[in-house]
Amino acid sequence: MKNALITGASDGIGKDMAIILSNMGYNIIVVARNKQKMEQAFKNIKNCTIISMDLSIIENCYKLYNQAKDIDILINNAGYGVFGEFLNTNLDDELNMIDLNIKSLHILTKLFLKDMVNKDRGYILNVGSIGSFFASPLLSSYYGSKAYVLNLSLAIKEELKKQKSNVYIGTFCPATINTNFHKKAGVKGNVKGLDSYKASKYAIDKMFKKKAIIIPSYAKVLPFFVDIMPRILITKLAYKMQIKKQEN
Ligand SMILES: NC(=O)c1ccc[n+]([C@@H]2O[C@H](COP(=O)([O-])OP(=O)(O)OC[C@H]3O[C@@H](n4cnc5c(N)ncnc54)[C@H](OP(=O)(O)O)[C@@H]3O)[C@@H](O)[C@H]2O)c1
């Protein structure tokens, strides 16, 4: 039986991706801080290993690698955002976010990728965001962290291609999805988006088709506009979009 490791699986997209992969016959290894939530979410799944771990603590990423080791799929999904003006947001919160969204994803990608390349098989799906494509006021450091995720993954993908490796690496870049993400980020208004399960299913299907960048729904067109419009203008539009989240 094949093994899939999913980080940030106690809630939202990670939980749904874990259920989808389990339904496809994978042994799932699920990681997040909240053990109780994972026990509840996966209580009916037999082939499931629950690991309670804070991945913003860098040593834990190495521990996770040593615990999980032989995996066929890695989904680097754990992440969060910090909403607000840069001058007012909490620095410790942002640094912790960088540790999780960037450093932990980077470490896990490197450690597991080496093994996958040696075996010449495996899938790594990194969860970015539509925010991977442009700068956004009020979510400045979060969007910055997601730009890192996309650029890292694209560059590695090209290196793997040059080596004729069969290992896949891709990035899931959704716009808004209905999870607790926005509430946790400090967004006060209601934010509506795609259904988490449907978007997760879409991502998993495209991962198996080895798509480099996976964007569900209408948001697919956004990177195209980002490419043809001046960045300053896009940043202005992004501000207009984000400020609504404060006003709702
Ligand atoms: N929802 C959206 O609109 C949206 C859009 C684009 C991209 N994304 C990205 O999608 C990913 C999943 O977000 P989501 O919407 O599913 O949000 P979510 O419902 O808040 O889920 C986030 C998951 O990450 C885990 N997590 C948070 N901090 C962690 C830590 N320090 N160590 C280990 N796990 C941690 C959480 O579990 P614990 O709290 O139990 O640790 C939870 O399982 C994130 O990377 C996010 O940036 C979301």
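The values are calculated or read from the model by the stated rules, or taken from the named source; none is laboratory data. Predicted model, so just to flag it, every value in this text is computed and none were measured. Cβ sites come from the backbone with ideal geometry, for glycine too, and all protein chains shown count toward neighbours. With ligands, DNA and RNA removed, areas are computed over all heavy atoms of the protein, side chains included. Shrake-Rupley method; radii C 1.70, N 1.55, O 1.52, S 1.80 Å.
Starting from the Kirkwood Rh over alpha-carbon pairs, what translational D in µm² s⁻¹ does the chain have by Stokes-Einstein at 4 °C and 1.567 mPa s?
Here the translational diffusion coefficient equals 71 µm²/s.
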message = Taking amide H atoms as placed 1.01 Å from N in the peptide plane, list the residues 5 or more away in sequence, or in a different chain, whose amide H sits under 5 Å from that of residue 29.
response = 4, 5, 6, 49
task = Let me have the 222 nm mean residue ellipticity of the chain computed from DSSP H runs of 4+ only, each contributing -39500 (n - 2.57), with the sum over all residues rounded to the nearest 500.
result = -14500 deg cm²/dmol
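To the nearest 20 debye, what charge dipole does segment 3-247 have about its Cα centre, counting +1 at the Cβ of each Lys and Arg and -1 at the Cβ of each Asp and Glu?
On the way: 34 positive and 20 negative charges, 131 e Å.
Dipole of segment 3-247, to the nearest 20 debye: 620 debye.
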Listed residues 48, 173 arranged by accessible area, highest first, probe 1.4 Å = 48, 173
query = If amide H atoms are built 1.01 Å from N in the plane of the peptide, which residues on other chains or at least 5 residues away come under 5 Å of the amide H of residue 52?
reply = none
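Counting only heavy atoms of the protein chains, get the accessible area per residue of the chain (1.4 Å probe) and round it to a whole Å² value.
51 Å²
Select from segment 48-106 those GluC sites (Glu not before Pro) which occupy a DSSP coil region and have at most 12 other Cβ atoms within 10 Å, ordered by residue number. Each step should come with its number before you reach the end.
Values: sites: 59, 85, 94; in loops: 85.
In loop regions of segment 48-106 (DSSP not H, G, I, E or B), the sparsely surrounded GluC sites (Glu not before Pro) are 85.
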inquiry  = Using the Karplus curve 6.51 cos²θ - 1.76 cosθ + 1.60 with θ = phi - 60°, what ³J(HN,Hα) values do you get for each residue of segment 124-131, in whole Hz, with x for Gly and Pro?
reply    = 10, 10, 9, 8, x, 5, 4, x
ask   = Using unit Cβ charges (K, R positive; D, E negative) and no other charged atoms, how large, in debye to the nearest 20, is the dipole of segment 145-248 about its Cα centre?
value = 100 debye
message = I'd like the chymotrypsin sites (Phe, Trp or Tyr not before Pro) in segment 23-129 restricted to DSSP loop residues with at most 16 other Cβ atoms within 10 Å, sorted by number.
response = 86
query = Among all the lysines, which ones have a C-alpha under 20 Å from residue 119's C-alpha, if same-chain residues fewer than 8 places away are not counted?
reply = 2, 69, 110, 157, 161, 162, 164, 209, 210
message = Please report the accessible area of residue 183 (heavy atoms, 1.4 Å probe, ligands and nucleic acids excluded) in Å², nearest 10.
response = 150 Å²
task = Can you list which of the trypsin sites (Lys or Arg not before Pro) found in segment 189-225 are DSSP loop residues with at most 11 other C-beta atoms within 10 Å?
result = 192, 209
